[in-house]
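Only the coordinates and a few stated rules stand behind these numbers; no lab work does. Values in this document were obtained by computation on a predicted structure and should not be read as measured data. In this analysis, Cβ positions are derived from the backbone assuming ideal geometry, glycine residues included, and neighbour counts consider all displayed protein chains.
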Amino acid sequence: MTELATSSRPRREFRNINVFSDLTGYRLPPAGFVSILHRVSGVLMFLLMPFIIWMFDTSVSSEISFARFKAAFNSGLAFVPGWFLKLVALALIWAYLHHFCAGLRHLWMDVSHDAVSKEFGKSSALAVLTVSLLLTVVLGAKLFGVY
Amino acid sequence: MAVNYGSKRTVVGAHYGLRDWLSQRVTGLVMALFTLIVLAQLLIGGGPIGYDKWAGIFASQWMKVLTFVVIASLLWHAWVGMRDVWMDYVQPVGIRLALQIFTIVWLVGCAGWAIQVLWRV
């Protein structure tokens, strides 16, 4: 401590970053992308929760409502076209997959000390992004009737 | 660095609170396992997924109880997460409180609706 106190070299100062002047040129590491996307996907699912429960409701309540559920995605619902509903569903699919994979990454880091390293942080973050995006493409192709 | 322990300890922010941290892990794990259980039931036997198969999954009592646990877990999990978000990005106490109240009302409302649907099957 005395060494620090008597040092004549000026110490670097770290201040809060500014959204407009600092954030635009800030290069986020893969783990940072996973982290902020974890939040974005969580908030997205939170806001779309009524839509999710509407899907659960109409798909599971009766055969008639099940048919209505299917029709909504093909020919639209009220003033909302079907393709838009599919797009919202696709966003939810991505959000769930990303949140799921990033959550497993969190749990893994909680139970394993080996997983808490700079290297694993990067490789596991890239794995989360890869797996969740690949699965989103596969399920999205199914949703839009590619196969 | 400013003193942030003792009477000056940090009591706000996303990374404060062991109980919140643990409950979010536990509820997350419950929902992840539930996802796998539903997927397994959907894919068992193959073939197209119609109404009977889909609704049949939620017809049994054990599945109803499990789904109920998942709805409760989701409520708790999302509360901790949204609270973290509000605490990190919304500094004015009044607005933050309003958003937290909105979150609780939103989540409890959604949970009630989901539970009602569940027991309608």
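Annotations
- Residue in region B:63-76 that is in a helix (DSSP H, G or I), within 12 Å of chain A (Cβ to nearest Cβ), exposed (fewer than 13 other Cβ atoms within 10 Å of the Cβ) and out of contact with any Gly (no Cβ under 9 Å at 6 or more places or on another chain) present: no
- Within region A:110-122, considering residues that are farther than 17 Å from A:Ile36 by Cα and in a helix (DSSP H, G or I), the one farthest from the other protein chains (Cβ to nearest Cβ): A:Glu119
- Residue check: B:Leu107 meets all listed conditions (1) within 9 Å of chain A (Cβ to nearest Cβ); (2) of a type outside the set (Asp, Glu); (3) out of contact with any Phe, Trp or Tyr (no Cβ under 8 Å at 6 or more places or on another chain) but one, namely (3).
- Residue match in region A:39-57 (condition: of a type in the set (S, T, N, Q), more than 8 Å from chain B (Cβ to nearest Cβ) and not in a helix (DSSP H, G or I)): no
- Residues satisfying the stated conditions in region A:130-147, i.e. of a type in the set (A, V, I, L, M) and in a helix (DSSP H, G or I): A:Val131, A:Leu133, A:Leu134, A:Leu135, A:Val137, A:Val138, A:Leu139, A:Ala141, A:Leu143
- When A:Phe66 is tested against (1) touching a Cys at 6+ places or on another chain (Cβ under 8 Å); (2) farther than 22 Å from A:Arg39 by Cβ, just one condition goes unmet, and that condition is (1).
This table checks each residue for (1) touching a strand residue (DSSP E or B) at 6+ places or on another chain (Cβ under 7 Å); (2) hydroxyl-bearing (Ser, Thr, Tyr); (3) within 26 Å of B:Gln116 (Cα to Cα).
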site: A:Ser21; (1), (2), (3): no, yes, no
site: A:Pro30; (1), (2), (3): no, no, no
site: A:Arg39; (1), (2), (3): no, no, no
site: A:Leu44; (1), (2), (3): no, no, yes
site: A:Glu63; (1), (2), (3): no, no, yes
site: A:Val88; (1), (2), (3): no, no, yes
site: A:Ala95; (1), (2), (3): no, no, yes
site: A:Ser124; (1), (2), (3): no, yes, no
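- So A:Ala102, is it within 11 Å of chain B (Cβ to nearest Cβ) and either assigned to a helix (DSSP H, G or I) or surrounded by fewer than 17 Cβ atoms within 10 Å (Cβ to Cβ) (or both): yes
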